[in-house]
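Working notes, structure below.
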Amino acid sequence: MKTEINPKETSRAEAFSMWMSSPVPMVTLVKTFDVGRLVKVSRRTGMKFTMLMCWCMGKAASSIEEFFLLPEDGRLFRYDRLAINIVVQNVKGGINLCDVPYSDDIEQFNADYLELTSQAAKTCKSTALDDYMILGTSALPQTELDCIVNQYSGRYNNPFLAWGRYRKGWLKTTLPVILQFHHAQMDGGHAVRFLQRLQEEIKNINIK
C-alpha cells in the first residue's frame, strides 16, 4: 500500500527540504561484489544469475526502512512492500519492463520472475505494480562494465541498480554494481549499509 506522509515528521525532514527541489538530486555509488557464490548456485540449481541478483537486492533492501520511502512531485510516500523492476528483451527486438513482487521465499520469487518476464517478452507489454515500492534494475551481461549512469533529472526517483557481465579471476568472481538513489530518500550511510548487506546476502545465499 502507498501512503503519503509528512516529511517533517520523519527522519528525512532536513534532507527532504534540502534535496527535493534540487535539479540534480540523484547520488550514485559503485561497489565491486564477490559473486562467486551466486555463480555456483546458478549452475547447480539452474536458476538464472540475474534472478538471484535481484532476489538478493530485494532481501537486502527489505531490511532498510529508507528503501520503502519515495520522494515524488514534492511529496513523500511510504510503501509497505517491495517489487523489483526488470528490463526484458521482447520477441520484436525491443524492451519492456515488468515488476516482480519481492518475496522472502526465493522459490516463489523465482516462479514469479520466470512467469512475468516470459509474459513481457512474448506479449511485448510492460506491467507495473502501483502499490509496491519499486527497486529498478538493469542487467547488461553482454559485456563487462565499470559503471552505468541512469537518468539524473529526478524524473525517476526510485533507487536503481545496474551491472554488466561478471568477471572471472584466479581467486574469485567479481561484479561492479552501481546504486543510484534520490538524496531526499536516503543518505550515503543508508546506501552503504544496503551495499554491505547485499554482499552478505550474496555470500550467504542457501538453496537446497
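The values are calculated or read from the model by the stated rules, or taken from the named source; none is laboratory data. Computed from a predicted structure; not experimentally measured. Don't worry about glycine lacking a Cβ; one is built from the backbone with ideal geometry, like all the others, and counts go over all protein chains shown. Side chains are part of the model used for accessible areas, which takes the heavy atoms of the whole protein and leaves out ligands, DNA and RNA. Shrake-Rupley method; radii C 1.70, N 1.55, O 1.52, S 1.80 Å.
Here are some residues: R78, R44, R37. Which one is open to solvent by 10 Å² or more (accessible area, probe 1.4 Å), in contact with a helix residue (DSSP H, G or I) (Cβ under 8 Å, 6 or more places away or on another chain), under 28 Å from K172 (Cα atoms) and basic (K, R)? Full working, then the answer.
Working: R78 fails: under 28 Å from K172 (Cα atoms); R44 fails: in contact with a helix residue (DSSP H, G or I) (Cβ under 8 Å, 6 or more places away or on another chain).
Going through R78, R44, R37 in turn, just one is open to solvent by 10 Å² or more (accessible area, probe 1.4 Å), in contact with a helix residue (DSSP H, G or I) (Cβ under 8 Å, 6 or more places away or on another chain), under 28 Å from K172 (Cα atoms) and basic (K, R): R37.
Filter the range 12-30 for residues that are of a type outside the set (A, V, I, L, M) and out of contact with any Pro (no Cβ under 7 Å at 6 or more places or on another chain) and give the result.
Filtering the range 12-30 for residues of a type outside the set (A, V, I, L, M) gives 12, 14, 16-17, 19, 21-23, 25, 28.
Result: R12, E14, S17, S21, S22, P23, P25, T28.
Go through the residues of the range 162-175 one by one and say whether even a single one is assigned to a strand (DSSP E or B) and over 19 Å from E201 (Cβ atoms). So that I can check it myself, show each step before the final result.
Taking the range 162-175 and keeping what is assigned to a strand (DSSP E or B), we get 162-163, 167-168, 173-175.
Pick out the ones that are also over 19 Å from E201 (Cβ atoms) and you get 167-168.
Checked the range 162-175: at least one residue is assigned to a strand (DSSP E or B) and over 19 Å from E201 (Cβ atoms).
Are any residues in the range 164-180 in contact with a helix residue (DSSP H, G or I) (Cβ under 9 Å, 6 or more places away or on another chain) and within 24 Å of L135 (Cα to Cα), and if so, which ones?
Hits for the range 164-180 are Y166, T174, L175, V177, L179.
Taking N157 as meeting all but one of (1) open to solvent by 20 Å² or more (accessible area, probe 1.4 Å); (2) in a loop (DSSP other than H, G, I, E, B); (3) not basic (K, R), write down the number of the exception.
Here N157 clears every test but (1).
Within the range 52-75, track down each residue that is under 20 Å from T174 (Cβ atoms) and surrounded by fewer than 22 Cβ atoms within 10 Å (Cβ to Cβ).
Matches in the range 52-75: A60 only.
So T117 passes all but one of these: (1) closer than 23 Å to K31 by Cα; (2) crowded, with 19+ Cβ neighbours inside 10 Å; (3) modelled with pLDDT of 95 or more; (4) among the polar types (S, T, N, Q). Which condition number does it fail?
Result: T117 passes all but (1).
Output the number of residues of the range 131-142 satisfying the condition of being closer than 11 Å to P101 by Cα, open to solvent by 40 Å² or more (accessible area, probe 1.4 Å) and either among the hydrophobic types (A, V, I, L, M, F, W, C) or in contact (Cβ under 8 Å) with a residue 60 or more places away in the chain (or both). Full working, then the answer.
Going through the range 131-142, the residues closer than 11 Å to P101 by Cα turn out to be 131-135.
Adding the requirement that they be open to solvent by 40 Å² or more (accessible area, probe 1.4 Å) leaves 131-132.
Filter once more, so that each one left must be either among the hydrophobic types (A, V, I, L, M, F, W, C) or in contact (Cβ under 8 Å) with a residue 60 or more places away in the chain (or both): 131.
Within the range 131-142, residues that are closer than 11 Å to P101 by Cα, open to solvent by 40 Å² or more (accessible area, probe 1.4 Å) and either among the hydrophobic types (A, V, I, L, M, F, W, C) or in contact (Cβ under 8 Å) with a residue 60 or more places away in the chain (or both) number 1.
Given (1) surrounded by fewer than 21 Cβ atoms within 10 Å (Cβ to Cβ); (2) in contact with a Cys (Cβ under 9 Å, 6 or more places away or on another chain); (3) among the β-branched types (V, I, T); (4) outside any strand (DSSP E or B), identify the lone condition not met by I207.
Tallying (1) surrounded by fewer than 21 Cβ atoms within 10 Å (Cβ to Cβ); (2) in contact with a Cys (Cβ under 9 Å, 6 or more places away or on another chain); (3) among the β-branched types (V, I, T); (4) outside any strand (DSSP E or B), I207 fails exactly one: (2).
Out of D99, D104, D146, D112, which single residue is modelled with pLDDT of 95 or more and either more than 23 Å from I202 (Cα to Cα) or part of a loop (DSSP other than H, G, I, E, B) (or both)?
Details: D99 fails: either more than 23 Å from I202 (Cα to Cα) or part of a loop (DSSP other than H, G, I, E, B) (or both); D146 fails: modelled with pLDDT of 95 or more; D112 fails: either more than 23 Å from I202 (Cα to Cα) or part of a loop (DSSP other than H, G, I, E, B) (or both).
Every option except D104 fails the conditions.
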